[in-house]
Amino acid sequence: MASTNDLKNGTTLKLDGGELWNVVEFQHVKPGKGGAFVRTKLKNVTSGKVVDKTFNAGAKVEIANVDRREMQYLYSDGESYIFMDTETYDQLPVDAKVVSKNADYLLESAVVTVAVNEGAPLYVELPAAVEVEITQTDPGVQGDRSTGGTKPATIETGAVIQVPLFITTGERVKVDTRTGDYLGRVN
């Protein structure tokens, strides 16, 4: 147990019967009249739902023990993704629901951060950007170049992203893993 005065961004709390919540923002407020309180914005670790919650200053909250480890992605067996701890070489299967949208940018041998609580994987955190190869895209039309338009392109993981018209099949590009936006070519 810890006090609300110990809260920091990124802290994981165990609230409401064992649900895990990450502190996204917090603010200590001392009004002129009445007692101080802590206003927080919390994100549910499993569902991603964001809520605002207010605690009295000095109230006790349970902080969850979340172990964030660097792990290397090995392969997928259909139902789960297999990661290997880079220090102990232990393999950890992570359910496809936990990986969710991150699978679109998860390349073999990629090093990612896996958060684990009491042996159960909570979420997978990718680097901010990854370099991928374009496996299929239609050629750009000569007259379209002046509009600065985009076209769909399939990357090596099978995901479809929007790229500028001058990108061709076989090129390597950098993609933002949070939004799926094209960031530029890679030489």
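There is at least one residue in segment 90-102 that is in a loop (DSSP other than H, G, I, E, B), open to solvent by 70 Å² or more (accessible area, probe 1.4 Å) and either farther than 30 Å from L165 by Cα or modelled with pLDDT of 90 or more (or both). Against the definition (open to solvent by less than 50 Å² (accessible area, probe 1.4 Å), farther than 22 Å from K101 by Cα and among the aromatic types (F, W, Y)), how does F55 come out, yes or no? When the stated conditions are applied, F55 passes them. For beta carbons closer than 7 Å, sequence separation of 6+ or different chains, a first residue in segment 109-120 that is more than 30 Å from E156 (Cβ to Cβ) and a second that is among the small types (G, A, S), the qualifying pairs are N117/A64. For G35, the requirement of being in contact (Cβ under 8 Å) with a residue 40 or more places away in the chain and more than 21 Å from P93 (Cβ to Cβ) is not met. If the condition is being open to solvent by 20 Å² or more (accessible area, probe 1.4 Å) and either on the phi < 0 side of the Ramachandran plot or in contact with an Asp or Glu (Cβ under 9 Å, 6 or more places away or on another chain) (or both), then segment 5-14 contributes N5, D6, K8, N9, T11, K14. Consider segment 59-82 and keep the residues that are part of a loop (DSSP other than H, G, I, E, B) and hydrophobic (A, V, I, L, M, F, W, C). The one that is surrounded by the fewest Cβ atoms within 10 Å (Cβ to Cβ) is A59. For segment 163-187, the tally of residues that are polar (S, T, N, Q) and under 18 Å from L106 (Cα atoms) stands at 2. Restricting segment 25-52 to residues that are closer than 30 Å to M84 by Cα and open to solvent by less than 70 Å² (accessible area, probe 1.4 Å) leaves a set whose member that is modelled with the highest pLDDT is L42.
The values are calculated or read from the model by the stated rules, or taken from the named source; none is laboratory data. Nothing here was measured: the structure is a model prediction, and the numbers come from that model. Here the Cβ is made from the backbone with ideal geometry for all residues, glycine too, and neighbour counts use every protein chain on show. Each accessible area value is taken on the protein alone, full model and side chains, heavy atoms only, with ligands, DNA and RNA left out. Shrake-Rupley method; radii C 1.70, N 1.55, O 1.52, S 1.80 Å.
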